[in-house]
Amino acid sequence: MRALEELADAGAQVSVHVIDLDTGSQVLAGDDHVTLPVAGLGVVPLLIEVAAGFESGTLDPLEIVDRASTDAVTTSGIWRSLRAPALPLSDLAVLAAAVGDPLAVNILLEQVGLDRVRQRIEALGLKHTAVLDQFRDMRGPDDAPHVAVGTARELAVLFSALVNSKAVDAAVSAQVSEWLSLNHDLSLVAASTGLDPFAHDHDAHGLLFINKTGQDRGVRAEAGVLAGPRAGIAYSMIVCFDDLSIAHRLRAHDAFRVLGVELMEYTH
């Protein structure tokens, strides 16, 4: 795809992987083995561990947790603007999936612990994906440099496993897929679908779509599943770029939308 080549020629790191859900064959790949920062996309393995905890009974979905129990994150999120100071873990999972709420993510991560998330990632067979840290307003020299890292190949395979009921088991896969179907961020690949960001789980034209995005300074990442009348695919794309100007940022966003157009043509 020329748009991706031009973005790479401009100095960005571009990693992409697309697989056909029916055949398992590779549709598109480029530097998909390279481990790159993926920001909030690292929420997905956390949600898998949370869903597994709910299913096994090691976590109580109705346990109420106060947001004051974790460090404040003031740069983004919905919960910081809500009057309710405490919410059940199941609602925090919804906030984490739907809007990537950093307070919700941080509390879920504290509830299960980084070690359990890392063990889950290993059990899922993801060798180059890792959740490194919680969300922070500022990262100091003693903090991990990123929230999470991963490869486009592994993240596409992970989403394929979710919709094929193979991420832990059918119940966990269904729960995480349901949470991710609420995601509001359709600004990257999903911008080409024409879906309503706030209600896209029952599309009138037969599109099945779930996704999760990650955004940080100079990082844009997305992984998901898109299925239509002709085919279904699992995809992931990561772009790391010098965020020197709006033009640099828009060039990265445009590449995601071009990929979205190609995926729509493949599935529809």
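The values are calculated or read from the model by the stated rules, or taken from the named source; none is laboratory data. Everything numeric in this text was worked out from a predicted model, so none of it was measured. All Cβ positions, even for glycine, are placed from backbone atoms using ideal geometry, and neighbour counts span all protein chains on display.
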ask   = If you take the residues in region 132-153 that are touching an Asp or Glu at 6+ places or on another chain (Cβ under 9 Å) and surrounded by fewer than 12 Cβ atoms within 10 Å (Cβ to Cβ), which one is nearest to VAL99 (Cα to Cα)?
value = ASP137
note = Subset of region 78-119, residues touching a residue at least 40 places away in the same chain (Cβ under 8 Å), surrounded by 16 or more Cβ atoms within 10 Å (Cβ to Cβ) and of a type in the set (D, E, K, R), comes to ARG116
key: Pick from region 54-77, criterion at pLDDT 95 or above and assigned to a loop (DSSP other than H, G, I, E, B), ranking: surrounded by the most Cβ atoms within 10 Å (Cβ to Cβ)   = LEU59
query = Out of region 157-175, which residues are out of contact with any Gly (no Cβ under 9 Å at 6 or more places or on another chain), in a helix (DSSP H, G or I) and buried (at least 22 other Cβ atoms within 10 Å of the Cβ)?
reply = LEU162, VAL172, GLN175
task = Examine region 129-151 for a residue that is part of a helix (DSSP H, G or I) and closer than 17 Å to VAL225 by Cα, and state whether such a residue exists.
result = no
query = Within region 225-247, can you find the residues that are surrounded by fewer than 18 Cβ atoms within 10 Å (Cβ to Cβ), in contact (Cβ under 8 Å) with a residue 40 or more places away in the chain and farther than 23 Å from TYR266 by Cα?
reply = ASP242
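Which members of region 126-173 meet the condition of being over 16 Å from the mean Cα position of the chain (by Cα) and either among the aliphatic types (A, V, I, L, M) or within 20 Å of GLY53 (Cβ to Cβ) (or both)?
MET138, ALA144, SER165, LYS166, VAL168, ASP169, ALA170, ALA171, VAL172
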inquiry  = Regarding region 30-41, can at least one residue be identified that is among the charged types (D, E, K, R), in contact (Cβ under 8 Å) with a residue 60 or more places away in the chain and in a loop (DSSP other than H, G, I, E, B)?
reply    = yes
Matching residues, region 1-27, being part of a strand (DSSP E or B), in contact (Cβ under 8 Å) with a residue 60 or more places away in the chain and not hydroxyl-bearing (Ser, Thr, Tyr) = GLN13, VAL14, VAL16, HIS17, VAL18, ILE19, ASP20, VAL27
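Among the listed residues GLU222, GLU178, GLU265, which satisfies the condition of being over 16 Å from the mean Cα position of the chain (by Cα) and either at pLDDT 95 or above or surrounded by 18 or more Cβ atoms within 10 Å (Cβ to Cβ) (or both)?
Working: GLU222 fails: over 16 Å from the mean Cα position of the chain (by Cα); GLU178 fails: over 16 Å from the mean Cα position of the chain (by Cα).
Residue meeting the stated conditions: GLU265.
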